[in-house]
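S.K.: Below are the structure tokens for one structure; questions will follow.
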Amino acid sequence: MHMADALLSPAVGTTMWAVTAATTAYCSTKVRKSLDDRKIPLMAVLAAFVFAAQMINFTIPATGSSGHIGGGLLLAILLGPHAAFLAIASVLSVQALFFADGGLLALGCNIFNLGVFPCFIAYPLIYKKIIGSDPTSGRLLTASLIAAVIGLQLGALGVVTETTLSGISALPFSSFVLLMQPIHLAIGIVEGVVTAGVISFIWQTRPEILTRAAADQPLGMVPIKPILIGLIMATVLTGGVLSWYASEHPDGLEWSMFKVSGHEELQAPSAGVHSSLEGVQAKTAFLPDYGFKETPGNDSGRLGTSVAGLVGGMLVMLLGAGIGLVLKKRNAPILSNP
Amino acid sequence: MSHHIVEVKDLQYHYPDQTPALGGVSFRIHHGESVAIVGANGAGKSTLLLHLNGYLTPTAGEVRIGDFLLTRDTVQDVRRTVGMVFQDPDDQLFMSTVFDDVAFGPLNLGLTPSEVSARVEKALETVGVAHLKKRPPHRLSAGQKRRVAIASVLSMSPDILVMDEPSAGLDPRARSQLISILQTFHHTKIIATHDLDMVVDLCERTIVMHEGVISADGPTMEIFGNDELLAVSCLEKPLRIQGCPVCSRRS
Amino acid sequence: MSAKIDRVLYEIGHMDSLAEADTPLHRLDPRANLLTTAVFIVCVVSFGRYEIARLLPFFLYPAVLIGLGDLPLGFLLRKLLIVSPFVIFIGIFNPWLDRTVLLQLGALDISGGWLSFISLLLRFSLTVGAALVLIASTGFTTICMGLEKLGAPRIFAVQLLLLYRYLFILLDQATRMIRAHALRSFTRRGRITLRVFLQMLGNLLLRTIDRAQRIHMAMLSRGFTGEIRIVRQFRFGPKEFFFMFGFSGLFILLRLTDAVSLLGHLALGGIR
């Protein structure tokens, strides 16, 4: 499942963007230095393949429902981790831009959840270790299944963690986990079976493709240390930025604060945005009518959702629609010219 | 003008699994000549073409393009001299706009941006598709794609044009337009094709390939007059010279 | 199923053709669009979870862009609707879990959960809308080149461009495969079993790998040595400057001050 902008706080969103951008830069350098320029077109058409393959649904035996391939693990097997990461990142970028799958800020999270886990954890640490140097069909299935399931479980956990840290959704971490992980267990099993099936098809028809892919990236060459260091840094960074942000702008964490310390705490004026908001209100206090009189004791001003605010907001929105319409009208004759 | 000569001497090629594809091919093509390579499917035409720009390395024998004997060291020079138009324009046009695609080669030659755009403009004008400059290739017709593919090679100013099935998949009009464009070129042309009518229009010389070797090499009209040779090589005489009262009047 | 691919092809193609228009918005340097969109999204998502009123003015930006770029509103709204389920699925829990009344409109009590749910939908419409407007007014190719100019690795920008180029071809191949399957499967109403699916995918994959090899060949024969070069001159002129700093300034202003309440007070005051 794709993470969405609307569920993200800027701290989490930009941190994940930074982490993803760094990984992309790292993988780009790696691929450029690999001196195998065949990979440049291969990476791209395989990404296009995954995109197209996701459109083909099959009937899952004994359930009647249908499934399709995600393709992360498959790309890692065919391209090696670095090129596969770039390929996955490109697929997700196209999806984010053309189908608004997730959104642009969430793209960082999505690439991380669906790219880093399969390429740098599931493939090198699970798939390669299980499959060893002489693959059998049994091993291939086991390796693909376990790698796909773990990769997707981690990805789902990523979605849950990012959402919870952002604090926009009211879903508690535990219920969200219980919601997401089982769904992704099923998705992971389908992914594993399909990946194993496609790989064994290639193995039977054109084994040289796989041996060539394997020759490019010697076994165990993916170093575990930098990955762990990277993950730890990401965690520290997220934690650090988040706590800083939380102390500056407690909005996102209000709900959890409310849970911990009760209603009064929530109503107390907090630092940052709310106080600045109150400042503006103080300056506008010369206006005699403060919202509707009918709602005495209305403290919604602190929450940024006063009646006056709503009215003002809608006015600006209408203004925007008006401007848009006028501009569109003005454009129309220009376009019909040619 | 020795640097425009294409010379192939006893060229042999085996696929990695040892299946022989070319079994000793020799010919010499001079500057400005237009030569067709014809033969049944699997006769070795495409394999031969892939040797001419150094994509495949001969198992035995040699390929000489102009002053260069084709080796690992000269392959870049050879590729600059030989412009290769592939069978499927979707493979050839890999960039996302027509301009970027036609600019790909010149940029690799290290030209300045202004030289590059001048070359692109000129190449696109030569094949009559300058108005498509900003289009993405997936929004072109088959005929337009073919022309852009040729432009993408012309922009590198090659001396020799090598084309694999240039008329395949075109509607009759796009095909005849393509032929008229190719007729205006003064390059040395080597064209592998099944379109024997086009060969009559474009090539004064024809090389017939059969099972990896050359079974005939001579003036086009002479080759197409030899019914026995055509039958052995799984070819049929072009309609135009079959003596059909309707078709022959047109030519 | 092939209807799904057809829809995808149509939508990408349509967005693509929108980007080919020539309006003041389309003529902007893509870097201006990209950076402004980034500021916009960060400002929108940085509001508190109950915020509604102060999000509304942000609709100004997509509205103005839709006007400037002469984009079809209905098409964009439909796309927005198609991707909404996940956000709605996550957000719909809010009214359940958070029932504290935070706002009273006359006799109507509105709980925090509903406020945050509405806020979530607003954020969703704004951020996704901005992304759709960006692609429809700039075009994918130009965005990739803009990204490269902004410092994204060249190899990644090229990867995006090549993926985009071959997306159409692969989708087309997949459609033909599904069609061929549907025409010859009589008993199961065109449903694809796992065994057949794996073979279809395997075949498509083999063809794709072969294609990659031919593309590589085509690249090599035009002097490719591992680096793809693209010339594209962009000019970050006064128009771009005005566009970017004007809008970004407005977003930041709207984020830091409560302009809407001020306006609302004025309006309500005027009525009384």
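The values are calculated or read from the model by the stated rules, or taken from the named source; none is laboratory data. Since the model is a prediction, treat every value here as computed from it, not as a measurement. Quick reminder, even Gly has a Cβ in these numbers, built from the backbone with ideal geometry, and neighbours come from all protein chains shown. When the accessible area is computed, the model is the full protein with side chains, heavy atoms only, and any ligands, DNA or RNA have been set aside. Shrake-Rupley method; radii C 1.70, N 1.55, O 1.52, S 1.80 Å.
S.K.: Which one of B:ALA43, B:ALA36 is within 14 Å of the chain's Cα centre (by Cα), open to solvent by less than 20 Å² (accessible area, probe 1.4 Å) and small (Gly, Ala, Ser)?
M.R.: B:ALA36
S.K.: Related question: Is there a residue being more than 18 Å from C:LEU161 (Cβ to Cβ), within 7 Å of chain C (Cβ to nearest Cβ) and of a type in the set (Val, Ile, Thr) anywhere in the range A:36-48?
M.R.: Checked the range A:36-48: no residue is more than 18 Å from C:LEU161 (Cβ to Cβ), within 7 Å of chain C (Cβ to nearest Cβ) and of a type in the set (Val, Ile, Thr).
S.K.: Checking the condition over 17 Å from the mean Cα position of the chain (by Cα), over 20 Å from A:MET3 (Cβ atoms) and modelled with pLDDT under 80, which residue from C:GLY106, C:GLY67 passes?
M.R.: Result: C:GLY106 is the single residue among C:GLY106, C:GLY67 that is over 17 Å from the mean Cα position of the chain (by Cα), over 20 Å from A:MET3 (Cβ atoms) and modelled with pLDDT under 80.
S.K.: For the range C:1-120, which helices (runs of 4 or more DSSP H) that fit wholly inside it have 3 or more residues that are free of Cβ contacts under 8 Å to residues at least 24 places away in the same chain, farther than 30 Å from A:HIS68 by Cβ and not assigned by TED's automatic domain parsing to the domain that holds C:HIS181?
M.R.: Filter on the range C:1-120 gives C:60-69, C:93-97.
S.K.: I've got another one for you. Filter the range C:145-183 down to the residues that are within 8 Å of chain A (Cβ to nearest Cβ), free of Cβ contacts under 8 Å to residues at least 12 places away in the same chain and not aliphatic (A, V, I, L, M) and list them by number.
M.R.: C:PRO153, C:PHE156, C:GLN159, C:ARG165
S.K.: State yes or no: is B:ARG119 away from chain C (no Cβ under 12 Å) and either touching a Pro at 6+ places or on another chain (Cβ under 6 Å) or outside any helix (DSSP H, G or I) (or both)?
M.R.: So B:ARG119 fails the test.
S.K.: Continuing with this model, one more query. Just for the range C:22-46: of the residues that are open to solvent by 10 Å² or more (accessible area, probe 1.4 Å) and within 7 Å of another protein chain (Cβ to nearest Cβ), which one is farthest from C:GLY69 (Cα to Cα)?
M.R.: In this case the residue turns out to be C:SER46.
S.K.: Same structure, new question: Quick test for you: out of A:LEU165, A:LEU152, A:LEU114, A:LEU92, pick the one residue that is among the aliphatic types (A, V, I, L, M), open to solvent by less than 20 Å² (accessible area, probe 1.4 Å) and either farther than 22 Å from A:ALA48 by Cβ or assigned to a helix (DSSP H, G or I) (or both).
M.R.: Only one candidate passes the filter, namely A:LEU92.
S.K.: Okay, next question. Residue under question is C:LEU220, and the condition is that it be more than 7 Å from chain A (Cβ to nearest Cβ), open to solvent by 20 Å² or more (accessible area, probe 1.4 Å) and free of Cβ contacts under 8 Å to residues at least 24 places away in the same chain; does it hold?
M.R.: Working: more than 7 Å from chain A (Cβ to nearest Cβ): yes; open to solvent by 20 Å² or more (accessible area, probe 1.4 Å): yes; free of Cβ contacts under 8 Å to residues at least 24 places away in the same chain: yes.
Taking the combined requirement at face value, the residue satisfies it.
S.K.: Mind checking which residues of the range B:6-33 are free of Cβ contacts under 8 Å to residues at least 24 places away in the same chain and either surrounded by 16 or more Cβ atoms within 10 Å (Cβ to Cβ) or not aromatic (Phe, Trp, Tyr) (or both)? Show your work before the answer.
M.R.: Kept after step one, since they are free of Cβ contacts under 8 Å to residues at least 24 places away in the same chain, are these residues of the range B:6-33: B:15-19, B:28.
The answer is B:PRO16, B:ASP17, B:GLN18, B:THR19, B:ARG28.
S.K.: Still on this structure, I have one more. From C:LEU121, C:LEU115, grab the single residue that is open to solvent by 20 Å² or more (accessible area, probe 1.4 Å) and at the interface with another protein chain (Cβ under 9 Å from one of its Cβ atoms).
M.R.: Being open to solvent by 20 Å² or more (accessible area, probe 1.4 Å) and at the interface with another protein chain (Cβ under 9 Å from one of its Cβ atoms) holds for just one of C:LEU121, C:LEU115, which is C:LEU121.
S.K.: I've got another one for you. Sort out for me the strands (runs of 3 or more DSSP E) sitting completely within the range B:1-105 that have 2 or more residues that are touching a Pro at 6+ places or on another chain (Cβ under 7 Å).
M.R.: Numbers: elements: B:6-14, B:20-29, B:34-38, B:60-65, B:82-85.
Output list reads B:6-14, B:82-85.
S.K.: Quick check, is A:ALA100 under 14 Å from the mean Cα position of the chain (by Cα), buried (at least 24 other Cβ atoms within 10 Å of the Cβ) and over 24 Å from A:ALA147 (Cβ atoms)?
M.R.: Yes.
S.K.: Is it the case that C:GLN213 is open to solvent by 30 Å² or more (accessible area, probe 1.4 Å), in contact with a Lys or Arg (Cβ under 9 Å, 6 or more places away or on another chain) and free of Cβ contacts under 8 Å to residues at least 24 places away in the same chain?
M.R.: It is true that C:GLN213 is open to solvent by 30 Å² or more (accessible area, probe 1.4 Å), in contact with a Lys or Arg (Cβ under 9 Å, 6 or more places away or on another chain) and free of Cβ contacts under 8 Å to residues at least 24 places away in the same chain.
S.K.: Find the residue count for the range B:133-148, including only residues that are closer than 13 Å to B:GLN87 by Cα and facing chain C (nearest Cβ under 9 Å).
M.R.: Qualifying residue count for the region: 0.
S.K.: I'm checking my understanding of the structure. Among residues of the range B:202-225 that are among the acidic types (Asp, Glu) and within 19 Å of the chain's Cα centre (by Cα), which one is most open to solvent (accessible area, probe 1.4 Å)?
M.R.: Selected residue: B:GLU204.
S.K.: Of all residues being open to solvent by 10 Å² or more (accessible area, probe 1.4 Å) and over 29 Å from C:VAL101 (Cα atoms) in the range C:47-64, which is farthest from the other protein chains (Cβ to nearest Cβ)? Just the residue, please.
M.R.: C:PRO62
S.K.: Spot the failing condition for B:ASP90; the list is (1) surrounded by fewer than 24 Cβ atoms within 10 Å (Cβ to Cβ); (2) more than 9 Å from chain C (Cβ to nearest Cβ); (3) modelled with pLDDT of 90 or more, and only one is missed.
M.R.: Result: B:ASP90 fails condition (2) only.
S.K.: With respect to A:VAL45, is the statement that it is at pLDDT 80 or above, over 30 Å from C:SER116 (Cα atoms) and more than 21 Å from the chain's Cα centre (by Cα) true?
M.R.: Yes: the conditions hold for A:VAL45.
S.K.: It is to be established whether one or more residues within the range C:124-144 are touching a helix residue (DSSP H, G or I) at 6+ places or on another chain (Cβ under 9 Å), surrounded by fewer than 20 Cβ atoms within 10 Å (Cβ to Cβ) and either under 30 Å from C:GLY226 (Cα atoms) or more than 7 Å from chain A (Cβ to nearest Cβ) (or both).
M.R.: no
S.K.: To continue, here is another question. Quick one: B:VAL75 ticks every box in (1) at pLDDT 90 or above; (2) within 14 Å of another protein chain (Cβ to nearest Cβ) bar one, so which box is it?
M.R.: Here B:VAL75 meets the rest and fails (1).
S.K.: Given the conditions (1) surrounded by fewer than 18 Cβ atoms within 10 Å (Cβ to Cβ); (2) within 12 Å of chain A (Cβ to nearest Cβ); (3) not charged (D, E, K, R), which single one is not true for C:HIS265?
M.R.: So C:HIS265 meets the others, but not (1).
S.K.: Which condition breaks for A:GLY71 when tested against (1) at pLDDT 85 or above; (2) more than 14 Å from A:VAL193 (Cβ to Cβ); (3) touching a Ser or Thr at 6+ places or on another chain (Cβ under 9 Å)?
M.R.: It fails just one condition, (2).
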